[in-house]
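Report on the following structure.
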Amino acid sequence: MFTYAVFEALSDPNRRTILRLLTAEDLTAGALAAHFEISRPAVSRHLRVLRQAGLVSQRRAGRQRIYRLEPEVLQEAADWLFALASRRILAGEEATEELGRPQDRPARRTSGAPDWKQW
C-alpha cells in the first residue's frame, strides 16, 4: 500500500529523474550520480527517500548497491489518483455545490507544487 511518503518522494525533480533513469535499467548509485550536477551523497539521500517510500529497492553485488524501480507502488498511487479524479468528474455538479462557489474556497497554494508535466 502506498503512503504519503510516495507523494513526498515524487515531489522532488531529482527523485523523479532517478525514477526515469531506473525505468530503462537497474543502476548503481555511481551510475545514477553521473547524470546529476549534485554530489554523490546527495544522490544517495534521494535514493534513501525513494527506498523508504517503496519506490526503489536495492540489492548488493559485491561492494556495489544496485537500485531497481518498484513499479507496483507507482501503479497503486496512479490508481488512487485516477479513482479520486473519476469520483470528482462523476460527481459533477454535486461536488461543485459541496465545495461552494469559487470565491468561498480558500486560495490554492501554487508555490512549491511539483511540475507534473516533467514526469
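At a Förster radius of 25 Å, what calculated FRET efficiency corresponds to the Cβ-Cβ distance of Trp80 and Arg60, to the nearest 0.05?
For Trp80 and Arg60, the calculated efficiency is 0.20.
Would you please classify the overall shape of the stretch 1-87 from the alpha carbon gyration tensor, given that a ≥ b ≥ c denote the square roots of the eigenvalues, rounded means a/c under 1.5, and beyond that prolate means a/b larger than b/c while oblate covers the rest? The shape class here is prolate.
Every number in this text was worked out from the coordinates using simple rules, so none of it is lab data. Remember, it's a predicted structure, so these values are computed and weren't measured experimentally. Please note: Cβ atoms are built from the backbone with ideal geometry, for glycine as well, and neighbour counts cover all protein chains shown.
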